[in-house]
Amino acid sequence: MPKDSVTLTDNRTGKTIELDLLSPTCGPMTIDIRSLYKQLGYFTYDPGFMATASCWSNITYLDGEKGILEYRGYPIEQLAESSTYLETCYLLLHGELPDQTQMDEFEYTIKHHTMLHEQLLRFYSGFRRDSHPMAIMVGVVAALSAFYHDDEDVHNPQDRINAAHRLIAKMPTIAAWSYRYAQGLPFVYPDNSLGFSENFLHMMFSTPAEKYSVDPLLAKALDVILILHADHEQNASTSTVRLAGSSQANPFAVLASGIASLWGPAHGGANEAVIKMLTEINESGKPLASFIDRAKDKSDRFRLMGFGHRVYKNFDPRAKIIREICHEMLANGQCQNLEHQKLLDTAMELERVALEDEYFISRNLYPNVDFYSGIIFLGMGIPLNMFTVLFAVGRTVGWVSQWNEMMGDKESKIGRPRQLYTGSASRDYEDIKP
Ligand code: ACO
């Protein structure tokens, strides 16, 4: 059977070439342009990767038009309903859901890697108390590379899995401690009798002076949020991880690059930006409509944070799930703080107005996952600057799974994009001296 292909004719020379079409399991056919430069001497230009597949992947599938998100073929709705974050981690990392023995072993392994090397504690004191916890995350995760360097052979599958386990297990400890440090509170060590999300809340909020019991509803809500953030195919931070990892760099340093990329307000920093925006609206005393007008005004840099998505152009399936959690938590009285209630009221009003506005409708701008996650985190008592840190905790498994997949691919090459050079043509050096 002939291969599917596309024919490309160069109008300048009349030369015609055939390019293979690659078939994905789901999603659009993809033109294989690897031979384009060799055959025609041309590069392709696609800033922001609007129509370029940067790699193949078996991990996550999403369809932005239909609002579909699947991990290893399993719909996000089913995983959020029935799975746990740790089981989802196993699925993403290994490709299949675990049986009971595999799950028990995985849980045991993760629990027994949650501690940090005591020497790592000293890194925290090098930071200012008012450092953004994402800055601490970037620094401390990168510093792990100094602790696990010699036994990290990126070409050895078992070493890669060991690195993945360490990262999944240690990230909540590093994250909780970045908060504890900023507050001047003592570091709380992990408790192996607790589940993954319970343990994180324990390390965040317990003190040596008082007994702290984790609210099971909050732990469950956090677990679901972590599942929703676990992977999202080739987004900015994951692509950063793949590009950094493609040079065969140390995985902990590679993960730190993903955290840095996630921090930006156009990506994982949006959940923090949403709350800042809602607070600004409430404190301004101005009508909501004036902010909607500003978001539409191209001469104003203001955008509605938590609205829009590069890929989801109908609705974000994660936003649908998280919206329900948000309302459940409110109904259960977990967000009784008046300030939070006011922010939530503004958020709901903003959602209503924007969804009826022609500007947002015509551009398919819907609330994304970050629009609601910030409100839930506030209700949990998690400080504003920790929101993106929580995103990083959840996304760690996605980053390491994508990195592991790439490193296991024998054909994987160092990532090296081309460019369309628009600078000066060649010219001679002129000496500054007369
Ligand atoms: N508010 C107002 N207008 C918007 C918004 C917004 N939040 N988002 C997009 N638009 C407009 C753009 O101005 C553009 O209008 P135009 O066609 O008249 O020029 C149109 O919608 C298309 O937007 P683009 O910027 O081209 O879309 P892109 O895919 O590049 O950007 C992004 C997607 C970065 C998410 C953008 O929608 C945005 O900045 N949103 C706010 C930040 C945010 O919530 N980020 C979280 C992303 S989800 C995540 O990381 C989990």
Exercise for the section: Using a/c under 1.5 as the rounded threshold, could you call the stretch 254-352 rounded, prolate or oblate? The axes a ≥ b ≥ c are square roots of the C-alpha gyration tensor eigenvalues, and prolate needs a/b larger than b/c, oblate otherwise. Expected result: oblate
Fill in the blank from the handout: Note, the stretch 113-118: 3J(HN,Hα) by Karplus (6.51, -1.76, 1.60, θ = phi - 60°), whole Hz, Gly/Pro = x, goes 10, 7, 6, 9, 4, 4
Problem - Dipole magnitude of the chain about its Cα centre (Cβ charges: Lys, Arg +1; Asp, Glu -1), debye to nearest 20 - result: 1240
Fill in the blank from the handout: For the stretch 226-305, whose charge dipole is built from +1 on Lys and Arg Cβ atoms and -1 on Asp and Glu Cβ atoms, the candidate among Ala270, Ala256, Ala289 with its Cα farthest towards the positive end is Ala289
Fill in the blank from the handout: Longest principal axis of the chain (C-alpha) makes with the long axis of helix 216-228 (C-alpha) an angle, in degrees to the nearest 10, of 0
Practice task
For the chain, divide the Cα radius of gyration by the Kirkwood radius and give the resulting Rg/Rh value with two decimals.
Solution key: 1.00
Exercise for the section: Order the peptides 64-74, 259-269 from the highest to the lowest mean number of other Cβ atoms within 10 Å of their residues. Expected result: 259-269, 64-74
Completion exercise
Using alpha-carbon positions, the gyration tensor of the stretch 195-301 gives root eigenvalues a ≥ b ≥ c; with a/c under 1.5 called rounded, otherwise prolate if a/b exceeds b/c, else oblate, the class is oblate
Handout entry: Top positive-direction residue, dipole computed over the stretch 62-171 with Cβ charges, set Phe106, Met171, Ala143
Key = Ala143
Fill in the blank from the handout: A student applying the Cα gyration tensor rule (rounded when a/c is under 1.5; otherwise prolate if a/b is larger than b/c, oblate if not) would label the stretch 55-103 oblate
Completion exercise
Only helices counted: for the chain, with every DSSP H run of 4 or more residues adding -39500 (n - 2.57) and the sum spread over all residues, [θ] at 222 nm is -16000 deg cm²/dmol
Fill in the blank from the handout: The ³J(HN,Hα) series, computed from each phi in the stretch 361-372 with the Karplus coefficients 6.51, -1.76 and 1.60 at θ = phi - 60°, rounded to the nearest Hz and given as x for glycine or proline, is 5, 5, 9, 6, 9, 10, x, 9, 4, 5, 4, 9
Exercise for the section: Might you tell me the accessible area per residue for the chain, computed with a 1.4 Å probe and given in Å²? Expected result: 52
Practice task
Which order do the peptides 341-350, 383-392, 422-431, 116-125 take when ranked by the mean count of other beta-carbon atoms within 10 Å per residue, highest first?
Solution key: 383-392, 341-350, 116-125, 422-431
Handout entry: Helix axis angle, 196-205 relative to the chain longest principal axis, alpha carbon, degrees
Key = 60
Handout entry: Highest average packing first - 397-403, 248-254, Cβ atoms within 10 Å
Key = 397-403, 248-254
Completion exercise
Dimensionless Rg/Rh of the stretch 99-230, both radii on Cα and Rh by Kirkwood, sits at 0.97
Completion exercise
Checked against the positive end of the charge dipole of the stretch 1-55 (+1 on Cβ of Lys and Arg, -1 on Cβ of Asp and Glu, about the Cα centre), the farthest of Ser5, Leu21, Gln39 is Gln39
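The values are calculated or read from the model by the stated rules, or taken from the named source; none is laboratory data. All figures in this text were calculated on a predicted structure; none of them were measured in a lab. Counting neighbours? That spans all protein chains shown, and the Cβs are built from the backbone with ideal geometry, glycine included. Accessible surface areas use protein heavy atoms only, side chains included; no ligands, DNA or RNA. Shrake-Rupley method; radii C 1.70, N 1.55, O 1.52, S 1.80 Å.
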